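Student: Sharing a structure below in structure tokens format, with a few things to ask.
The values are calculated or read from the model by the stated rules, or taken from the named source; none is laboratory data. Quantities reported herein were computed from a predicted structural model and do not represent experimental measurements. Cβ sites come from the backbone with ideal geometry, for glycine too, and all protein chains shown count toward neighbours. In case anyone asks, the SASA skips ligands and DNA or RNA and just uses the protein heavy atoms, side chains included. Shrake-Rupley method; radii C 1.70, N 1.55, O 1.52, S 1.80 Å.
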Amino acid sequence: MEQLILTLLIVASLYLFVSPVWKRLRLVLKARQRLRFDQMGKRWLRFLSEVVIQYAVIKERPFTGVMHTLVAWGFFIFGLESFHHFATAYGWHPLGEGAFHRAYGIAVVVFAVLVIIGITALAFRRFVLRPDTLGKRSWSSATIALFIEVLMVTYLLSYFRLLQDPLAQDINWWIHSLIILAFLVVIPHSKHLHLVLSPLTTFTKDFELARIHPLDFEKEEMGVEKLSDFSAHTILSAFTCVECGRCYDHCPARQTGKLLDPKQLILDIRAGLLADFEQTVVGPVIKEEILWQCTTCGACTYQCPVGIDQVVPILEMRRGQVSAAEFPATMRPLFDNLEKTGNPWKYPVSQADEFIEQNGFPDFHNHEVLYWLGCMGRYDFYYQKVSLAMAQILKAANVKWGILRDEKCTGDAARRAGNEFVYQALAEHNIALLNDAAPKLILTSCPHCLRTLQEYRDLGLNPKIPIVHHSEYIAGLQQSGQLQLSGIAPHEVTFHDPCYLSRYIGPSHVQFPREVIKGTGATLTEPPHHAEHTFCCGAGGALLFTEETVGERVNHHRVKELLETKMSEVSTACPFCHLMLRDGLKDLSKESVAVRDIAELVASCLLVRSGNES
């Protein structure tokens, strides 16, 4: 009779587990853009690092991460033991009854103790400390925590044979069994579904942060208008979210009083998917206003331990909105200017030509390096100084270089704002120029240009052409001895890491600006948020071309943090950051604090060494 009851309970719990999980996976399978399984070697290495070793969980919140990892590893170990536990009820011993099972049992005992420590610490944090990042008190989390504690205790009682009475042993066995079966019922309806889905979400995540694919207008692709338009990975992510709040903690929009909360965004998408897969997204599910508060800085994605890329659905919804001609009025001048003049500010091309002629910039013709000036490097009075500094550096290093007079804006702002049509028109023009020029290397001082030029490879840019940021290139010149710097009078600077360099291009690049600064003889003082944990300047995601009307301005928040270092100079390596930091210092009446690009810092060393501008 007991065996029959157990069988019925197992079947019922499996049904109550599989049915809701399949309902969610069926929506993933319906998505237009499938999950990616290319580059399998890299994917398995990431799986080992982030799922098995739990590196992503530990690195940002070490103590909490270690506690979570103890619980996760405990469940990996308990999976096989639980299967053995139920099999023995039917007379089968899959782990055997000899030395192997005894050794495995010791490992389970060790992890049972570690799991009790881990889950107790996590429960204390959630229900006693209660940080804002976790949101409202979750009774499903309390239930799961209780289940885990009881599961471990009942196992230990059984293993050490602490219960002598046969009836007590039977009760203990059934409690242990019922807790496992109850887990199956509860998991699909709680955030603990990440136990099942996060390995797949992490495995299939794109290797590039916030990677969006070109729209095919011939196939009438217009971005996301309905929930069913989302990619498979975004839909999978919605069901994977563990609600840890790491994205909530690091989002610059949320930290400056905006409505955008990346965690709630994903949870709202989840709720919408379960309610009506074909419903319109913006309005019924996601408020339109929050879409235009995202700077696309990538802090949320970089922090997420379960493979969610929160920026992607925002960009996809923006594309859907722009396709439907529903976007903020402040974006209209940006789109019109890019279409008519090839730059965001409606500057006449003759202005860039005049700057190029006056300063003797060579036209590219089979040179060693093609220097991509970018819009601000061609038109902005302050950032033109960075272009001039780079010219001085390249000349001092005896590098053969040239520029493309006919380059247009890469279309970064258009693409992040959701105007794929304008982006692809600009890209088509620039790709033709670049493929015809066939440079050995493209050099740019703008991380936004760098990222967008990399995206050109999806539209036909020769993928063999290296694209390098000037921080990496200058550091290489210093290390190779091509660039000799005498150093300047010792002074201190603080460095603002651009999001698109430190997170998009990759954390491996945070070293290069620091090597460049060190090479000039300057002393670097880091702000609290630096390297890949930098705080956004507020310009990304095309927000440079809008006005913030809610909460504190993002650049003001960042400038205040930089001012806490007490430095008289801020260095950076991005034209957007350069502009936003200058404006922030001006707004806060701190114009005495200088803002200089790392190239300007290096060029000043060349001036000291040579005594002239050559």
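Student: Go over the candidates Val468, Val493 one by one and state the one that is under 26 Å from Gly418 (Cα atoms) and part of a strand (DSSP E or B).
Tutor: Of the residues listed, the single one that is under 26 Å from Gly418 (Cα atoms) and part of a strand (DSSP E or B) is Val468.
Student: Also, I was wondering about something else. For Ala475, state whether it is open to solvent by 10 Å² or more (accessible area, probe 1.4 Å), small (Gly, Ala, Ser) and in a helix (DSSP H, G or I).
Tutor: no
Student: Within the stretch 19-40, work out how many residues are out of contact with any helix residue (DSSP H, G or I) (no Cβ under 7 Å at 6 or more places or on another chain), among the aliphatic types (A, V, I, L, M) and within 19 Å of Lys191 (Cβ to Cβ).
Tutor: So the answer is 1.
Student: To continue, here is another question. Filter the stretch 204-255 for residues that are within 25 Å of Ile505 (Cα to Cα) and polar (S, T, N, Q) and give the result.
Tutor: Listed by number, the residues that qualify are Thr204, Ser231, Thr234, Ser237, Gln255.
Student: So which residues in the stretch 109-125 are farther than 11 Å from Trp73 by Cβ and surrounded by 18 or more Cβ atoms within 10 Å (Cβ to Cβ), if there are any at all?
Tutor: Result: Ala112, Ile116, Ile119, Leu122, Ala123.
Student: Out of the residues in the stretch 276-291 meeting the condition of being of a type in the set (Val, Ile, Thr) and in contact with a strand residue (DSSP E or B) (Cβ under 7 Å, 6 or more places away or on another chain), tell me which one is most open to solvent (accessible area, probe 1.4 Å).
Tutor: Across the stretch 276-291, the extreme among qualifying residues is Thr280.
Student: Also: Suppose the filter is under 22 Å from Ala427 (Cβ atoms) and in contact with a Lys or Arg (Cβ under 6 Å, 6 or more places away or on another chain); does Thr341 pass it? Talk me through it step by step, then tell me what you get.
Tutor: On the way: under 22 Å from Ala427 (Cβ atoms): yes; in contact with a Lys or Arg (Cβ under 6 Å, 6 or more places away or on another chain): no.
No, not satisfied.
Yes/no matrix, rows are residues, columns are (1) open to solvent by 50 Å² or more (accessible area, probe 1.4 Å); (2) under 30 Å from Ser486 (Cβ atoms):
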| residue | (1), (2) |
| --- | --- |
| His509 | no, yes |
| Ala522 | no, yes |
| Ala539 | no, no |
| Lys586 | yes, no |
| Glu591 | yes, yes |
| Leu601 | no, yes |
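Student: Pull up the stretch 453-472, narrow it to residues that are of a type in the set (A, V, I, L, M, F, W, C) and under 21 Å from Thr572 (Cα atoms), then point me to the one that is least open to solvent (accessible area, probe 1.4 Å).
Tutor: For the stretch 453-472, the residue satisfying everything is Leu453.
Student: Among the residues of the stretch 332-361, write down those that are in a loop (DSSP other than H, G, I, E, B) and open to solvent by 40 Å² or more (accessible area, probe 1.4 Å).
Tutor: Result: Trp345, Lys346, Tyr347, Pro348, Asn359, Gly360.
Student: Answer yes or no as to whether Leu450 is crowded, with 24+ Cβ neighbours inside 10 Å, aliphatic (A, V, I, L, M) and modelled with pLDDT of 95 or more.
Tutor: The answer is yes for Leu450.
Student: Something else now. Among the residues of the stretch 307-322, is there at least one that is part of a loop (DSSP other than H, G, I, E, B), at pLDDT 95 or above and open to solvent by 10 Å² or more (accessible area, probe 1.4 Å)?
Tutor: Yes, the conditions are met somewhere in the stretch 307-322.
Student: Being aliphatic (A, V, I, L, M), under 19 Å from the mean Cα position of the chain (by Cα) and either under 24 Å from Leu9 (Cα atoms) or at pLDDT 95 or above (or both) narrows it down to one of Leu167, Leu178, Leu195, Leu200, so name that one.
Tutor: Step by step, each of Leu167, Leu178, Leu195, Leu200 is checked, and only Leu200 is aliphatic (A, V, I, L, M), under 19 Å from the mean Cα position of the chain (by Cα) and either under 24 Å from Leu9 (Cα atoms) or at pLDDT 95 or above (or both).
Student: From the list Glu561, Glu591, Glu548, Glu552, which one is under 17 Å from Gln255 (Cα atoms) and modelled with pLDDT under 95?
Tutor: Just a single option satisfies the conditions, and that option is Glu548.
Student: Condition check: part of a helix (DSSP H, G or I) and crowded, with 24+ Cβ neighbours inside 10 Å. Does Ala414 satisfy that?
Tutor: yes
Student: Tally time: how many residues in the stretch 89-103 are under 45 Å from the mean Cα position of the chain (by Cα) and open to solvent by less than 30 Å² (accessible area, probe 1.4 Å)?
Tutor: So the count comes out to 1.
Student: Any idea how many residues of the stretch 524-537 are surrounded by 18 or more Cβ atoms within 10 Å (Cβ to Cβ) and either in contact with a Leu (Cβ under 8 Å, 6 or more places away or on another chain) or hydroxyl-bearing (Ser, Thr, Tyr) (or both)?
Tutor: Total satisfying the criteria: 3.
Student: Right, something else. Counting only residues that are among the aliphatic types (A, V, I, L, M), open to solvent by less than 10 Å² (accessible area, probe 1.4 Å) and within 15 Å of Pro527 (Cα to Cα), how many does the stretch 563-584 have?
Tutor: 2
Student: Look through Arg32, Arg61, Arg26, Arg36 and report the one residue that is over 29 Å from Leu156 (Cα atoms), charged (D, E, K, R), open to solvent by 80 Å² or more (accessible area, probe 1.4 Å) and modelled with pLDDT under 95.
Tutor: Testing whether each residue is over 29 Å from Leu156 (Cα atoms), charged (D, E, K, R), open to solvent by 80 Å² or more (accessible area, probe 1.4 Å) and modelled with pLDDT under 95 leaves just Arg32.
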